[in-house]
Amino acid sequence: KPLPMVCLDGDGYLRLNDVLNVYPVSRAAWYDGVQKGIYPAAVKLGRRSVGWSRAVIRELIANPPKF
């Protein structure tokens with residue numbers, strides 16, 4: 001089944017599922033990377049909601065971490 005298209009243009013925030021569609025790592029690997037400072041931390045959008053800045057994700061894709 002094809003992955004849904006995720007728009008990285010402009011401002012705004014992406015939810016984790018969208019981030020993982022454009023940067024394909026597992027949820028566990030993503031959160032482990034966030035904890036270790038490899039991937040960007042989430043921004044609190046509401047009481048029970050977080051997201052990642054589109055600009056930060058564009059930068060991560062353009063300059064992926066070296067392992």
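When ASP11 is tested against (1) touching a residue at least 24 places away in the same chain (Cβ under 8 Å); (2) acidic (Asp, Glu); (3) touching a Phe, Trp or Tyr at 6+ places or on another chain (Cβ under 9 Å), exactly one condition is not met: (3).
Among the residues of segment 25-41, just one is surrounded by fewer than 13 Cβ atoms within 10 Å (Cβ to Cβ) and of a type in the set (Ser, Thr, Tyr), namely SER26. Look at segment 17-36: where a residue is more than 19 Å from ALA62 (Cβ to Cβ), no partner that is open to solvent by less than 40 Å² (accessible area, probe 1.4 Å) and among the small types (Gly, Ala, Ser) sits 6+ places away or on another chain with Cβ atoms under 7 Å. Every condition in (1) outside any helix (DSSP H, G or I); (2) in contact (Cβ under 8 Å) with a residue 12 or more places away in the chain; (3) open to solvent by 40 Å² or more (accessible area, probe 1.4 Å) is met by VAL56 except one, and the failing one is (1).
Filtered by the rule that a residue be closer than 26 Å to PHE67 by Cα and either acidic (Asp, Glu) or open to solvent by less than 40 Å² (accessible area, probe 1.4 Å) (or both), segment 42-53 gives GLY51, TRP52, SER53. When segment 10-24 is filtered for residues that are loosely packed, with under 11 Cβ neighbours inside 10 Å and in a loop (DSSP other than H, G, I, E, B), the ones remaining, listed by number, are GLY10, ASP11, PRO24.
The values are calculated or read from the model by the stated rules, or taken from the named source; none is laboratory data. From a predicted model like this one, the values you see are computed outputs, not experimental measurements. Virtual Cβ from ideal backbone geometry, glycine too; neighbours counted across all protein chains shown. To get the accessible areas, we keep the full protein, side chains included, count just its heavy atoms, and leave off ligands, DNA and RNA. Shrake-Rupley method; radii C 1.70, N 1.55, O 1.52, S 1.80 Å.
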